[in-house]
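Just so it is clear, none of the values below were taken in a lab; they were calculated from the coordinates. Everything quoted here is computed from the prediction, not taken from an experiment. Note that we place each Cβ from the backbone using ideal geometry, even for glycine, and neighbour counts take in every protein chain shown.
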Protein chains: 2
Amino acid sequence: MSLMWTVKVLGLGVVALSLSVELLSRLLHRLRPGGPLNEALFFPSELACVEHIFTSLSPRSCLCPLPHGVETSFSRLLRRILSATSSLDLCVFAFSNMGLSRAVLALHSRGVTVRVLTDKDYTAIPGSQIGVLRKAGICVRCDASPVHMHHKFAVVDGRLLITGSLNWTLAAVQSNMENVLVTEEPDLVRPYVKEFLRLWERNDPGQMPPHE
Amino acid sequence: MSLMWTVKVLGLGVVALSLSVELLSRLLHRLRPGGPLNEALFFPSELACVEHIFTSLSPRSCLCPLPHGVETSFSRLLRRILSATSSLDLCVFAFSNMGLSRAVLALHSRGVTVRVLTDKDYTAIPGSQIGVLRKAGICVRCDASPVHMHHKFAVVDGRLLITGSLNWTLAAVQSNMENVLVTEEPDLVRPYVKEFLRLWERNDPGQMPPHE
């Protein structure tokens, strides 16, 4: 009788242990910080000072009249871009936002390999940053085809995709209703990396006939 | 002695059973066709006949001069939209593409609840489909604010997000370089559902002062 009880107790113990291990593993899987990042950002962004994101000073040390220490869609976007440690591949129709330009220039001066692909017709918009990036030594290629190179995506370190409706302009960030999707899902990042390379190669000025 | 063996055998049996169930469940989780969908579509799309997607006839039965039976970015986009069984929430800046309009009308006539939110200024573009949708009885709301309602996203059945740079125009589908991201990741779908509802409520004509 007592041995039968031992059998039952042991059996139940083993089942309980297996279930606990399983539950713990599922919980850890959900909580693990290394899981693929998925984030949605909506615009217009609230206005707030972003100086501390560039300078690593305390948010309160800036004396500008904007609100300080507030996390906004724009500050989150800047942080995602500035998280690059090896490469930034940017494929954007219109680029005139000074804050985003500052982020790209900061990455370049840190030694991050930056490649910018843009639409030729839109390099002449007021305040276009394309000339500024070129002068800083960043490699820029322009799509000169008669259709729009209408993408607005970036790939950070070949692992993080930033895409959506948002052009890199001031109106897009501060006025329009826009969305940006940030993801590390490899099934999503991979095709964008491939498409960037395809367009990058296609717009290599060295490979184009001189009359084009 | 024999009872001790029974204990050990039973214990091992339970452990083996638990492990098998766990392994099987992991395997099924990986293989299950219902796992979160992640897909990237790039444009311009190849030109191909999409008649069979609407009519469920054989691709070869259409006599139009376009290539038949070819899967393209556009046909994939149509299929994703037409997969709706209960609802389609569409938030799009410019809508003039006849094929996409046909898909939305087909869903509406099937009894799918369609809600369309668009930018007022762009309802007057050549070939705008907004009037056509309205006449068919689809609920359309227009953002009349002075800034752009620049989104280009749709949520199918509250579970599938379609977003990117692509406006629902002919030029976007057939000429421009554009991207569309399709995902079922709940962490991505959820915020877009929420944003759609926020904008939908905000543009409720019943809640607006009559002079606006």
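For chain B, a simple Cβ point-charge model (Lys and Arg +1, Asp and Glu -1, everything else neutral) yields a dipole of about 520 debye relative to the Cα centre.
Per residue of chain B, the DSSP helices (runs of n ≥ 4 H) give a summed -39500 (n - 2.57) that works out to -12500 deg cm²/dmol at 222 nm. Take the convex hull of the alpha carbons in chain A; its mean projected area over all directions comes to 18.3 nm². Could you tell me how many degrees, from 0 to 90 and to the nearest 10, lie between the Cα long axis of helix B:186-202 and the main elongation axis, the longest principal axis, of the Cα atoms of chain B? Computed tilt is about 30 degrees. Once both labels are positioned 7 Å from their Cα atoms along Cα-to-Cβ, the gap between B:Leu3 and B:Arg202 label points is 7.4 nm. Taking Cα atoms only, the orientation of helix A:98-109 departs from the longest principal axis of chain A by about 80 degrees.
Antiparallel versus total DSSP beta bridges in the protein assembly as shown: what percent is that, nearest 5? About 60 percent, rounded to the nearest 5. Over all pairs of different C-alpha atoms in the protein assembly as shown, the reciprocal of the mean inverse distance, the Kirkwood hydrodynamic radius, equals 24.5 Å. The angle between the Cα long axis of helix B:2-31 and the longest principal axis of the Cα atoms of chain B comes to about 20 degrees, rounded to the nearest 10.
Using 1/(1 + (r/R0)^6) with R0 = 22 angstrom and r between the beta carbons of B:Thr85 and B:His52, what's the FRET efficiency to the nearest 0.05? E(calc), rounded to 0.05, equals 0.65. Taking the Cα centre of the range B:29-149 as origin and assigning +1 to Lys and Arg Cβ atoms and -1 to Asp and Glu Cβ atoms, the resulting dipole is close to 400 debye.
Taken along the Cα-to-beta-carbon direction at a fixed 7 Å, the label points for A:Arg159 and A:Leu19 span 3.8 nm.
Going from the residue with the fewest nearby Cβ atoms within 10 Å to the one with the most, B:Thr183, A:Thr6 rank A:Thr6, B:Thr183.
Contact order, relative form, for chain B: 22 percent (alpha carbon pairs under 8 Å, 6 or more residues apart, mean separation divided by residue count).
Ranked for footprinting exposure by Cβ neighbours inside 10 Å, fewest first, B:Leu66, A:Leu88 give B:Leu66, A:Leu88. Specify the residue with the greatest mean-square fluctuation among B:Val70, B:Val104, B:Val189, computed from a Gaussian network of chain B linking alpha-carbon atoms under 10 Å apart. Most flexible of the set in this elastic network: B:Val70. Choose one answer from A:Leu78, A:Leu197, A:Leu57: the residue with the largest mean-square fluctuation in a GNM of chain A with alpha-carbon springs under 10 Å. Of the options given, A:Leu57 has the highest mean-square fluctuation. Given springs between every Cα pair under 10 Å in a Gaussian network model of chain A, which of A:Ser56, A:Ser96, A:Ser45 has the largest fluctuation? Most flexible of the set in this elastic network: A:Ser56. Distances between placed amide hydrogens fall under 5 Å for A:Leu117 paired with A:Leu90, A:Cys91, A:Val92, A:Arg141, all partners being 5 or more residues away or on another chain. Bridges between two residues of the range B:37-206, per DSSP, are antiparallel at a rate of about 60%. Of the residues A:Val9, B:Val132, the one with the fewest other Cβ atoms within 10 Å heads the list, and the complete ranking is A:Val9, B:Val132.
Since only B:Ser2, B:Leu90, A:His148 are under comparison, the one whose Cα sits farthest along the positive direction of the charge dipole of the protein assembly as shown, derived from C-beta charges on Lys, Arg, Asp and Glu, is B:Ser2.
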